[in-house]
Amino acid sequence: MRAAQTVRTAGASGPTRPRAAHPVLWAALAALAGGAVLCVLGWYGVSGERFAERQLPYLASCTVPGAALIVAGAVLLTHGRSALAAARVEELYGLLVATGATGADERSTAPVATSGALLMVPCGTLWHRSDCPLVAGKPEAVPADATILAAGALAPCPVCEPERPEPGAPPAAPEPAPGP
């Protein structure tokens, strides 16, 4: 568990600020540690006494409260983690909504892929443009067969939205990948 984390403000390029850990998590850790210490002290006291009458005070004053603190610490730890997770989800949602409004306009105008070469993956269900992010850099992607496309065995990729080639037109050659 990290004591401090960095959080970006609403601007993606803005400065970062430290965020303190949730106080419920610190209380949970303190309760767990205190309960463990009390249980060890109770065990040590009980183990030194031969008769049950002399062991009961150690059980009542150390072991039972220690076990109660361990249970309370576990409950607080679970609650603290769920509250921390909920805060992170809200923060991510805020970032998504803040950048989603400006990013949606840019996405609608710029195409994802513009290549004329068509590729398919053997045993796949879609055909793609060669610069589609779903097949870019995959060595198993092969040039799409015009007869398979004409038969309608493959569907166009919803990401790069390639156009169906004209029947009888030669397939476009795949563009060479940029070198390292």
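Surface listing: His79, His128 arranged by accessible area from highest to lowest gives His79, His128, probe 1.4 Å. At full extension, Glu49 and Ala30 could sit 3.9 nm farther apart than now, given 0.36 nm per residue minus the alpha carbon distance.
Taking label points 7 Å from Cα along the Cα-to-Cβ direction, Leu59 and Val75 give a separation of 2.3 nm.
The amide H of Leu126, built 1.01 Å from its N in the peptide plane, has Val121, Ala155 as neighbours under 5 Å, considering only residues 5 or more places off or on other chains.
The values are calculated or read from the model by the stated rules, or taken from the named source; none is laboratory data. Keep in mind that what you see is a predicted model, and the values were worked out from it rather than measured. All Cβ positions, glycine included, derive from the backbone under ideal geometry; neighbour counts span all protein chains shown. Side chains included, ligands, DNA and RNA excluded: accessible areas come from the protein's heavy atoms. Shrake-Rupley method; radii C 1.70, N 1.55, O 1.52, S 1.80 Å.
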